[in-house]
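What follows draws every value from the coordinates through simple rules; no lab data is involved. All values reported here derive from a predicted model rather than from experimental measurement. Here the Cβ positions follow ideal geometry from the backbone for every residue, glycine too, while neighbour counts run over all protein chains shown.
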Amino acid sequence: MYNKKVMDHFMNPRNVGEIEDADGIGEAGNPHGDHMKIFLKIRDDRIEDVKFKTFGCAAAIASSSMATELIKGKTLKEAWELTNDAVAEALEGLPPGKLECSVVSREAIHSAINEYRKKQGLEPLPEQK
Amino acid sequence: MLYPCEYLETKGFNVTYLPVDRYGLVDPSEVEAAIRKDTIFISVMYANNEIGTIEPIPEIGEIAKEHGIPFHTDAVQVIGKIPLDMKQKDRNVDMLSLSSHKFYGPKGIGALYLRERTEIENYMHGGGQERKKRAGTENVAGIVGLGKAIELATANLEKHNERTKKMRDRLLAGILEIPDCRLNGHPEKRLPDNLNFSFEYIEGESLLLMLDQRGICSSTGSACSSGSLEPSHVLRAIGLPPEIAQGSLRLTLGDENSEEDIDYVLEVLPETVGKLRAMSPFYKPTTACEK
């Protein structure tokens, strides 16, 4: 059902855990029940470290793992622009009907970035569409 | 039976669906109360495939008989696991469905038992086979295979069950040591080979896949593996909240399982549950275990 890449990120997810003194914490869920919590350590507008915790199916866990890999070391702007398609592509594809499970990653990243922005006294960035 | 009933509803039939209690049991008095003047058919599953609960079929059969209503039971899960006696305790069952592959018979063949003088509409119209009830050349190999399989499955049933139950109960006791888990289905009135658990804070498909990677085959009532948003209707019917139903796992034992397999599952399952909980944002460790 899942390809090797997805299975690898599911069985050995990268960046699992919490960051105690995180600069931005975000959360997101979907109607499937998938739920992701993400912790960002930010320095000079760049994501220095990232950790996550996810409740959900293999697609949700693998997407969380891949999404955190993709935004690590990136600027907040780059992280904000990460798309579900990019995550799915990096995973070399998700089965039909499982794309929905990867959406929580992007939403959780947005929620963490906005939480950080709020703490900095900045306006939260609007969600597109 | 759910889908055939839904189909009949589209044809203008009225169907009453009865609830079950927290163990998945149908209450015979509720069956009786639901009977209307125009009731023509009652069907209750003999034992549930997901949670293993065995329904009070003899009692419900008695009620159906008193009211003169044909009574059907889906016994697909039951053959070769609990003894049936169509002359004694199951004498009021008029129709009974069974499926060969469930008792190590060939795939693609099943049977509908019809008590004498039970009239049904032809299942397929055309040829004269099976007294015109089901047109088409008989699947002889399948029929013979089913017959032999049922013979083998029902010989030494008691001895066979004793072995399965012993392994099942050791597996059960071991799994209930895992914190925040519950057994689904009835603790005693259940199929000898079936266990169904819910593990809080984790999702069933993930659990199933991780176990699969370690060589353990299981199934789950999780929504995410079925492609729908709703977890299994059985788990919802026994009142499990969706987030608990999501983390459900069914383990069934067969002839080829051994005590070593039980040891292996008891080693791997707690580890796997622990691993998934460690990455769950909902997990708050406790030690209570609801039995």
Starting from the coordinates of the alpha-carbon atoms of region B:2-154, obtain the Kirkwood hydrodynamic radius over all distinct pairs and give the value in Å to one decimal.
-> 16.9
Evaluate Rg over Rh across region A:38-84, taking Cα atoms for both radii and Kirkwood's formula for Rh.
-> 0.99
For region B:57-138, treating each Cα as an identical point scatterer without solvent, what Debye log10 I(q)/I(0) comes out at q = 0.17, 0.20 1/Å?
-> -0.79, -1.00
The answer for the longest stretch of chain A without any exposed GluC sites (Glu not before Pro) (DSSP loop, at most 14 further Cβ atoms within 10 Å) is A:21-80
Using the charge dipole of region B:157-278 (Lys, Arg: +1 at Cβ; Asp, Glu: -1 at Cβ; taken about the Cα centre), state which of B:A237, B:L172, B:T272 has its Cα farthest towards the positive end.
-> B:A237
Please sort B:58-71, B:116-129 by packing, taking for each peptide the average over its residues of neighbouring beta carbons within 10 angstrom, highest first.
-> B:58-71, B:116-129
Ignore the peptide's own chain and count Cβ atoms of other chains within 10 Å of each Cβ in B:271-277; give me the average, rounded.
-> 1
Averaged over A:78-91, number of beta-carbon atoms from partner chains that fall within 10 Å = 0
Determine the percent antiparallel among the DSSP beta bridges restricted to chain B, to the nearest 5.
-> 75
FRET efficiency estimate (nearest 0.05) - Cβ-Cβ, A:E78 to A:K119, R0 30 angstrom = 0.90
Of A:K41/A:K74; A:K53/A:K77; B:K65/B:K133; A:K41/A:K72, which sit over 19 Å apart, Cα to Cα?
-> A:K53/A:K77; B:K65/B:K133
Just how large is the dipole of chain B about the Cα centre, in debye to the nearest 20, putting +1 at every Lys and Arg Cβ and -1 at every Asp and Glu Cβ?
-> 540
If the viscosity is 0.692 mPa s and the temperature 37 °C, what Stokes-Einstein diffusion coefficient in µm²/s follows for chain A when Rh is the Kirkwood radius over Cα pairs?
-> 229
Which helices pass in chain A if a helix is a full DSSP H run, must span at least 15 angstrom along its long axis by Cα, and must have mean Kyte-Doolittle hydropathy not below 0.5?
-> A:58-71
Mean residue ellipticity (222 nm) of chain B, computed from DSSP H runs ≥ 4 via -39,500 (n - 2.57), nearest 500 | -10500 deg cm²/dmol
Quick one: P(r) of region B:91-176 from all Cα-Cα pairs, 5 Å bins, percents rounded to integers, in order of increasing distance.
-> 3, 12, 14, 17, 18, 14, 8, 6, 5, 3, 1, 0
Point-charge dipole on Cβ atoms (K/R +1, D/E -1) for chain A, about Cα centre, debye to 20 = 120
Please get the size of the charge dipole for the protein assembly as shown, origin at its Cα centre, with Cβ charges of +1 on Lys and Arg and -1 on Asp and Glu, quoted in debye to the nearest 20.
-> 580
How much length is gained if the chain between B:I35 and B:N122 is pulled fully straight, taking 0.36 nm per residue apart and subtracting their Cα-Cα distance, in nm to one decimal?
-> 28.7 nm
If each of B:L176 and A:R46 carries a label point 7 Å out from its Cα toward its Cβ, how far apart are those two points in nm?
-> 5.6
Shielding of B:199-210 by partner chains, average beta-carbon count, 10 Å = 4
Region B:157-278 -> Rg/Rh from Cα coords, Kirkwood Rh, value 0.95
Please name whichever of B:S29, A:A88, A:L70 sits farthest to the positive end of the charge dipole of the protein assembly as shown, dipole taken about the Cα centre and charges placed at Cβ: Lys and Arg +1, Asp and Glu -1.
-> B:S29
Going down the list A:K51/B:K275; B:K89/B:K165; B:K148/B:K189; A:K98/B:K107; B:K166/B:K275; A:K4/B:K284, which pairs span over 26 Å between their C-alpha atoms?
-> B:K148/B:K189; A:K98/B:K107; B:K166/B:K275; A:K4/B:K284
Within region B:93-114, the residues whose backbone N lies under 19 Å from a label point placed 7 Å from the Cα of B:K132 along the Cα-to-Cβ direction are B:114
Between the residues B:L209, B:C181, B:N156, the Cα farthest towards the positive end of the dipole of region B:146-228, that dipole coming from +1 and -1 charges on the beta-carbon of Lys, Arg, Asp and Glu, is from B:N156
Label-point separation in nm, B:E259 to B:E162, each point 7 Å along Cα→Cβ | 1.5
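Based only on Cα atoms, what Rg/Rh ratio does chain B have, Rh being taken as Kirkwood's radius? Let's see the in-between values first.
Values: Rg = 20.7 Å, Rh = 20.9 Å.
In chain B, Rg relative to Rh is 0.99.
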Quick one: Debye curve from the C-alpha atoms of the protein assembly as shown, no solvent, what's log10 I(q)/I(0) at q = 0.14 Å⁻¹?
-> -1.22
